[in-house]
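Engineer: One structure coming up, written as structure tokens, with questions to follow.
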Amino acid sequence: MSRIAFIFRTDVHAADKGPISWKGDYCAEVFESLGQVGDLAQEHDVTAVLDGGDFFHVKAPGRNSHGLIYDTGRLHNERYKGRRVYSIEGNHDLMGNNLDTIENQPLGVLYVTGVFHHLREEVFEVDGLRVRVVGVPYSPSRDLAEIQDLRKQPGDDYMVAVVHALAAEDPPAHVEDFFGEPVFRYSSFIFEGGPDVFCFGHWHRDQGIVELEGRHFVNQGALSRGALTKENTERTPKVSLIEFTKEGIKTTAISLRVAPAEEVFDFDRKERQEKESLVITQFVEQLEADMQIDPTQDVEANVRSLNFAPEVRERALAYLERARS
């Protein structure tokens with residue numbers, strides 16, 4: 001039976017250093033997860049791997065080491081065993097959200113060396129089965145009409161669009177204001193002759209795989225776990241297997257093996273930050289409520305006389321001393 005299959009991954013956010021929210025080895029987890037994707041590509045005998053963008057985390061090219069790029073190439077050569085990776089650009093892969101900067105970016109190095117292939121439009125054919133795959137890179141002002149212009153061509157059995165943009169079945173009202181970018185509803189991507197499968201990068205939250213009116217929306221979230229958020233501590237990173245035959249489409253989410261959240265995230269540091277923030281908030285609120293300044297006294301004397309908790313007074317005095325020195 002004719003079959004064309006892809007593994008879809010997105011938002012790897014590879015970096016030389018891990019986030020400050022981590023006590024574990026962030027870089028090691030990212031590369032181990034990438035290796036697992038390569039193993040899955042062999043296990044499921046996929047045609048290619050599709051990458052939804054933001055492979056790198058740091059936008060400034062000079063802050064991505066040669067070693068990071070070398071290790072990326074070595075891992076893909078060793079673990080992907082000839083399976084091509086087709087990638088688009090995410091916002092973290094660019095300077096100033098400008099696609100023209102790609103030749104100076106780490107991702108551009110992966111393109112020109114053939115480690116990754118620059119996805120704009122590729123056609124895959126096996127025994128009379130034809131799948132067209134198009135890539136839509138990041139743009140802060142991506143227009144819905146641009147995506148609705150994507151159409152199958154004569155002879156295509158199926159079409160896949162890999163898009164780096166915010167999208168959801170029913171996005172919360174506050175999301176567009178928070179990100180300052182358009183947020184698309186899946187329903188707006190259902191149109192005659194359009195893609196059968198949409199694979200989304202950019203939004204790190206796992207929104208799963210949704211099927212609407214015969215279209216498949218693959219939005220499993222980031223491969224990496226960066227910030228210490230409730231969603232990241234509860235989420236298991238995933239990739240998706242997308243299979244095409246003459247009989248139809250099958251999409252399957254596959255979980256990766258990662259360490260438990262308590263082993264990698266620095267919860268103690270977060271607790272200290274929250275306590276410090278609480279102390280500062282209490283100090284400001286108390287100042288607003290009880291401030292009675294004696295102009296004949298120095299600043300330290302005024303602070304000592306305030307009706308604050310002792311630790312708040314001591315912290316305020318320490319800040320004053322630090323500012324003076």
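Just so it is clear, none of the values below were taken in a lab; they were calculated from the coordinates. This is a predicted model, so every value here is computed, not measured. Don't worry about glycine lacking a Cβ; one is built from the backbone with ideal geometry, like all the others, and counts go over all protein chains shown.
Engineer: Can you pick out the pairs among K23/K230; K152/K250; K59/K81; K59/K152 whose Cα atoms lie more than 27 Å from each other?
Structural biologist: Check vs 27 Å cut-off fails for K59/K81; K59/K152.
Engineer: Quickly estimate the mean residue ellipticity at 222 nm for the chain, helices only: each DSSP H run with n ≥ 4 gives -39500 (n - 2.57), and the total goes over all residues, rounded to 500.
Structural biologist: -9500 deg cm²/dmol
Engineer: Just grab the label-to-label distance for D149 and D298, each label 7 Å out from Cα along the Cβ direction, in nm (one decimal).
Structural biologist: Modelled inter-label distance: 6.9 nm.
Engineer: I need the shape label for the range 60-215. Rule: rounded when a/c is under 1.5, else prolate if a/b > b/c, else oblate, with a, b, c from the alpha carbon gyration tensor.
Structural biologist: Because a/c hits 1.5 or more and a/b fails to exceed b/c, the range 60-215 counts as oblate.
Engineer: So for the chain, averaging the separation of alpha carbon pairs under 8 Å that are six or more residues apart and normalising by length, what relative contact order in percent results?
Structural biologist: Working: 602 pairs, mean separation 60.8, N = 325.
With pairs under 8 Å counted, the relative contact order is 19 percent.
Engineer: If one takes the longest principal axis of the Cα atoms in the chain, at what angle in degrees, from 0 to 90 and to the nearest 10, does the Cα axis of helix 310-324 lie?
Structural biologist: Rounded to the nearest ten degrees, it is 80.
Engineer: Beta carbons within 10 angstrom, averaged per residue: use that to sort the peptides 64-75, 191-202, highest first.
Structural biologist: Details: 64-75: 15.7, 191-202: 21.5.
Result, highest mean Cβ count within 10 Å first: 191-202, 64-75.
Engineer: Give me the net charge of K250's neighbourhood, meaning all other residues with Cβ under 15 Å from the Cβ of K250; Lys, Arg count +1, Asp, Glu -1.
Structural biologist: Computed value for this residue: -3.
Engineer: Could you give the alpha-carbon Rg of the chain over 2.2 N^0.38 Å, rounded to two decimals? Before the final figure, lay out the partial values.
Structural biologist: Working: Rg = 24.6 Å, N = 325, 2.2 N^0.38 = 19.8 Å.
Relative to the rule-of-thumb radius for its length, the chain sits at 1.24.
Engineer: Work through the residues other than H118 whose Cβ is under 12 Å from its Cβ and net out their charges, Lys, Arg +1 and Asp, Glu -1.
Structural biologist: Neighbourhood net charge equals -4.
Engineer: By its C-alpha gyration tensor, with a ≥ b ≥ c as the square roots of the eigenvalues, how is the range 1-140 shaped: rounded for a/c under 1.5, else prolate for a/b larger than b/c, else oblate?
Structural biologist: Oblate shape, in that a/c is at least 1.5 and b/c is the bigger or equal ratio.
Engineer: May I pose another question? So if I place +1 on the C-beta of Lys and Arg and -1 on the C-beta of Asp and Glu, and nothing else carries charge, what would the dipole magnitude of the chain be about its Cα centre? I want it in debye, nearest 20.
Structural biologist: Dipole magnitude for the chain comes out near 720 debye.
Engineer: Just order 177-189, 216-228 by mean Cβ neighbour count inside 10 Å, highest at the front, would you?
Structural biologist: The densest-packed peptide leads the list: 216-228, 177-189.
Engineer: Where q = 0.12, 0.26, 0.29 Å⁻¹, what log10 of I(q)/I(0) comes from the Debye formula for the range 200-254, counting one point per Cα?
Structural biologist: Calculated log10 I(q)/I(0) at the listed q: -0.32, -1.03, -1.18.
Engineer: Right, next: Computed over the Cα atoms, what is the radius of gyration of the range 165-256 divided by 2.2 N^0.38 Å, N being its residue count?
Structural biologist: 1.15
Engineer: Still on this model: Once both axes come from the Cα atoms, what is the angle between helix 66-79 and the longest principal axis of the chain, in degrees from 0 to 90, rounded to 10?
Structural biologist: 40
Engineer: What share of the DSSP beta bridges in the chain is antiparallel, in percent to the nearest 5?
Structural biologist: 50
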